[in-house]
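Right, one structure below, let's go through it.
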Amino acid sequence: MRHFTHLKDYTIDELNAIIDEAVVLKKAPASRSSALAGRSLAFCFMNPSLRTQVSFSAGTASLGGNPIVLNMGSGGTWGMEALEGVVMDGTAAEHLKEAVPVLGRMCAAIGLRSFPAGKSWAEDKREDALSAFTKYSTVPVVNMESASGHPCQALADLMTIREKMNPKKKNFLLSWAPHVKPLPMAVPNSSVEMASMAGMNVTIARPEGYDLDPEVMARVKKNCEANGTELNVTADPQTAFDGQHVVYGKSWGSLAEYGKPPSADPAFRAKWTISSEKMRRTSDALFMHCLPVRRNLVVNDDVLDGPWSVVVDEAENRLHTAKAVLLHVLNLNSTRRLQETLK
Amino acid sequence: MRHFTHLKDYTIDELNAIIDEAVVLKKAPASRSSALAGRSLAFCFMNPSLRTQVSFSAGTASLGGNPIVLNMGSGGTWGMEALEGVVMDGTAAEHLKEAVPVLGRMCAAIGLRSFPAGKSWAEDKREDALSAFTKYSTVPVVNMESASGHPCQALADLMTIREKMNPKKKNFLLSWAPHVKPLPMAVPNSSVEMASMAGMNVTIARPEGYDLDPEVMARVKKNCEANGTELNVTADPQTAFDGQHVVYGKSWGSLAEYGKPPSADPAFRAKWTISSEKMRRTSDALFMHCLPVRRNLVVNDDVLDGPWSVVVDEAENRLHTAKAVLLHVLNLNSTRRLQETLK
Amino acid sequence: MRHFTHLKDYTIDELNAIIDEAVVLKKAPASRSSALAGRSLAFCFMNPSLRTQVSFSAGTASLGGNPIVLNMGSGGTWGMEALEGVVMDGTAAEHLKEAVPVLGRMCAAIGLRSFPAGKSWAEDKREDALSAFTKYSTVPVVNMESASGHPCQALADLMTIREKMNPKKKNFLLSWAPHVKPLPMAVPNSSVEMASMAGMNVTIARPEGYDLDPEVMARVKKNCEANGTELNVTADPQTAFDGQHVVYGKSWGSLAEYGKPPSADPAFRAKWTISSEKMRRTSDALFMHCLPVRRNLVVNDDVLDGPWSVVVDEAENRLHTAKAVLLHVLNLNSTRRLQETLK
């Protein structure tokens, strides 16, 4: 049994094989409609979601399965304890040591979204909830975004890039952007890790104090060295756009001042908001964003509504890659091999 | 592609054709069980719901599809921005310009419930959310109740009337009723518009200051003139019941004092609560209400539990008309034509 | 039509027949995948749930049906009135006299979870909501936990016991346990009623003031007399474990001081927490608990993680018995009879 929780557990060939499956599914979305017949899958959300919830729900249903969305810790169910040995006299009414195996008895696979709490990066980085899920689960676990990464988003991102270009030796820019909140680093982490695995030159443009986690950067560096590609980090959000083939816009909170929102200073915002002026410096780059995106704060209307934007294609690919991930972890991804056999 | 958002976009023949489909589905509810196989439909609720949620969920499932219920802006997902050009530095985390096309990539159709905010009728009437959904959607949009109308309820209402009588030249009374809140006008608007389209004489009994929106009334007047039927508005909640064939009870808030609850004066309430005494003045009228209804405030127990009430039949018809609307907007409503062919 | 709401409405033979069906379903879970095809079932939750929600959802789906989970009174829908003759000018927007028949028109069966309010046992015991559901429903109602009982849990419990032993003349201990809240008595009530019906000797270990409802105890006493088994109630949480074959751990609130949490005194807690020392006094007993369970407060880690615990098996059996209950109330439980015919 294999979980799908972190990009680092997979090779680029394995990720591309999952994407190959998604490509087949995208062409013939109804072709595997009974793969999950009679089976339920549990999608556990400790935080809100739109694309993730709809993509896994619709994907499960299109494969014949029954999606069960559980909003944990708010409304539907109670809070969950993740740590061992605790005397549970606080607010958590159930331990994941029971809840996760129980879900595994009733469901074929489990997805988990668990955002960082935003108080201590050292604590958040432990990913207590996700770790407990993978530790206790007897069925495959899919990470639907944790503190450190969002591998399902990265799969959809790479699929979208592959639809437009061969990523090898192309230029990928992750550009930090303003926001009213200190957002999680999961998406920026996974986006640069994915780009480096796919053989792209990686540039990160961010203000001082907004460096990504050193462990992530070490893996990105290693990938770039192995692929013979470049890795640059810059604080200049103009020249960074020069010659880029993919611009990935994203805001995230500072590690140095963890949990503190970015500056709301208008000049600082104006400097970092992604504009059509910046996009014109690129080599006709794709503009990508995981969504949701705050218009005219993260990125201007004329970029999102302009020729560069592939954000809706990217979101659609969440559906196809979600299906491919589910088939992968359930050892059902035979579509591609079957079709190859038939040729 | 055609949305189903406002009665005024449809002719009475088109509405009756959808109801004809619902009548066929009601007789053989399991007959089209694979029409939506493998497809998901997104039902977006910005406000609570029971009948609408269950009817569209059960209806979708009985056609083989997968209903995805999204509670937007509370719990499951975040708040949505509907207006163009906004700098999104407030509470809304996503623009409908992204969210709606994304839903369209994953789902075959989209339903939206969006109540008025209750602060300004001029603002509410713009129906910013519904307008954004229809503007940005690449798949059909169904209005599951907006500020100005509730066309799905009107379909179920007309179906229920048709089951009991030929509506032409029959007498339809919309009777205002007391409440603790200033309720939306969507249902009363749609009920009189539907009745006037169906060729019924229309009477509206309401206290002074509780007139419906002039634009709605202008359409109702035009329909009545075209059909040669009568349109009366009265403040006398006794004589209004004389000779009626259908009594539609409903509370709504005042346009004149927008957002202010109706008077709680016991004499005022007693005057307007729908009673068996009033119903006995009718020509054995049906008593209709969209539900939920507050017993002994809007209408007395002896009416709801008496021979006049068809409120549960009316609610059941929400299911059959929901299915017919989905088949209609998805161009799948062939049941009736198929059956006509077979005759 | 028959509801499944209280154990006392069923004989032990009838309960065992439902469990027999569950045993068949557990062996071949996919064998009845179209029994509920095209049909929706409404699961109404006035309180949170994990196992109940997932077991009924997954169970319904594995039988081909569509589960509709409704969180009543929080988020999705509004508050419901259960009492007759009320002037509804308070917070409840709908009467169950409408809502329940409407659900019955759209769904094949209805489940209800409605916890006690915890202010007055006399009021809670009336089970106003559940009573209204069974009174007004035109389709079968399943009790997914009410103030007085949790019969679906009891079915899964008896199934689990049957998997390990023939319950007749075996020793069953219900052991009270500490907690931070005054929990409902539904599970302890149903557990001892079920054990007494199944022909087990029943011991209840609880602090003074924590006796179960006299009506429940009267039924347990009558069952034990009819079966020639013993019934003991003790305040000694050590000797109570001697020679037991099943230990059912559970906290519940005091009837004497209704709504007041149990003492948080460390010595009192230490006395009543279920420990491996206590379990070693048993005759290799199963340790059972309905979950969720607070570790190291209700029961220590070394019991839950030790050889005694069957809590996850017990939870899994919620799925199989949920399916069997649905087939039972819908008169579809032919699997077993069919298989017997084939032999």
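The values are calculated or read from the model by the stated rules, or taken from the named source; none is laboratory data. Not measured: the values here are computed from a predicted model. A quick note on method: Cβ atoms are made from the backbone with ideal geometry, for glycine too, and the neighbour counts reach across all protein chains shown.
Things to note:
- Of everything listed in (1) in contact (Cβ under 8 Å) with a residue 60 or more places away in the chain; (2) closer than 16 Å to C:Met88 by Cα; (3) acidic (Asp, Glu), the single unmet condition for B:Asp305 is (1).
- Any hit, segment B:150-172, residues being touching a Pro at 6+ places or on another chain (Cβ under 9 Å), touching a residue at least 24 places away in the same chain (Cβ under 8 Å) and surrounded by fewer than 22 Cβ atoms within 10 Å (Cβ to Cβ): no
- For segment A:296-310, the set of residues classified as surrounded by fewer than 24 Cβ atoms within 10 Å (Cβ to Cβ) and under 22 Å from A:Gln53 (Cβ atoms) consists of A:Val310 only.
- If you go through segment C:52-67 and keep only what is facing chain A (nearest Cβ under 7 Å) and over 20 Å from C:Pro292 (Cβ atoms), you end up with C:Ala61, C:Ser62.
- A:Asn47, sole failed condition from (1) at the interface with another protein chain (Cβ under 8 Å from one of its Cβ atoms); (2) in a loop (DSSP other than H, G, I, E, B): (1)
- Check on A:Thr321, assigned to a helix (DSSP H, G or I) and β-branched (Val, Ile, Thr): yes
- In segment C:98-149, of all residues being among the aromatic types (Phe, Trp, Tyr) and out of contact with any Pro (no Cβ under 9 Å at 6 or more places or on another chain), the one that is surrounded by the fewest Cβ atoms within 10 Å (Cβ to Cβ) corresponds to C:Trp121.
- Failed item, numbered, when C:Thr134 is tested on (1) closer than 24 Å to B:Phe287 by Cα; (2) touching a strand residue (DSSP E or B) at 6+ places or on another chain (Cβ under 8 Å); (3) hydroxyl-bearing (Ser, Thr, Tyr): (1)
- Candidates A:Ser175, A:Ser131, A:Ser196, filtered to the one that is outside the structural domain of A:Ser276 (by TED's automatic domain parsing) and polar (S, T, N, Q): A:Ser131
- For segment B:91-117, filtered to residues that are in contact with a Lys or Arg (Cβ under 9 Å, 6 or more places away or on another chain) and more than 17 Å from B:Pro140 (Cβ to Cβ), the residue that is farthest from the other protein chains (Cβ to nearest Cβ) is B:Pro116.
- Selected residue (criterion: nearest to B:Ala92 (Cα to Cα)) from residues of segment A:274-290 that are crowded, with 21+ Cβ neighbours inside 10 Å and more than 10 Å from every other protein chain (Cβ to nearest Cβ): A:Cys290
- Among helices (runs of 4 or more DSSP H) entirely within segment A:96-182, having at least 2 residues that are closer than 28 Å to A:Asn331 by Cα and not hydroxyl-bearing (Ser, Thr, Tyr) singles out A:96-106, A:128-136, A:151-164.
- There is at least one residue in segment B:263-285 that is closer than 28 Å to B:Lys27 by Cα, out of contact with any Phe, Trp or Tyr (no Cβ under 7 Å at 6 or more places or on another chain) and at pLDDT 95 or above.
- Of the residues screened, A:Ala82 is one that is modelled with pLDDT under 95, touching a strand residue (DSSP E or B) at 6+ places or on another chain (Cβ under 9 Å) and assigned by TED's automatic domain parsing to the domain that holds A:Leu25.
- The single condition among (1) in contact (Cβ under 8 Å) with a residue 40 or more places away in the chain; (2) buried (at least 20 other Cβ atoms within 10 Å of the Cβ) that C:Gln238 does not satisfy is (2).
- Exactly one residue among C:Val293, C:Val312 is free of Cβ contacts under 8 Å to residues at least 24 places away in the same chain, of a type in the set (Val, Ile, Thr) and at the interface with chain A (Cβ under 9 Å from one of its Cβ atoms), and that residue is C:Val312.
- Looking across segment B:22-38, just one residue is at pLDDT 95 or above and surrounded by 20 or more Cβ atoms within 10 Å (Cβ to Cβ), and that is B:Ala22.
- Filter pass, A:Ala42 being at the interface with another protein chain (Cβ under 7 Å from one of its Cβ atoms), touching a Phe, Trp or Tyr at 6+ places or on another chain (Cβ under 7 Å) and either surrounded by 22 or more Cβ atoms within 10 Å (Cβ to Cβ) or hydrophobic (A, V, I, L, M, F, W, C) (or both): no
- Output for segment A:222-263, where each listed residue is closer than 23 Å to A:Asp124 by Cα, within 21 Å of the chain's Cα centre (by Cα) and of a type in the set (A, V, I, L, M): A:Leu255
- All positions within segment C:173-211 that are crowded, with 20+ Cβ neighbours inside 10 Å and under 18 Å from C:Lys125 (Cα atoms): C:Leu183, C:Pro184, C:Met185, C:Ala186, C:Val187, C:Pro188, C:Asn189, C:Ser190, C:Ser191, C:Val192, C:Glu193, C:Tyr210
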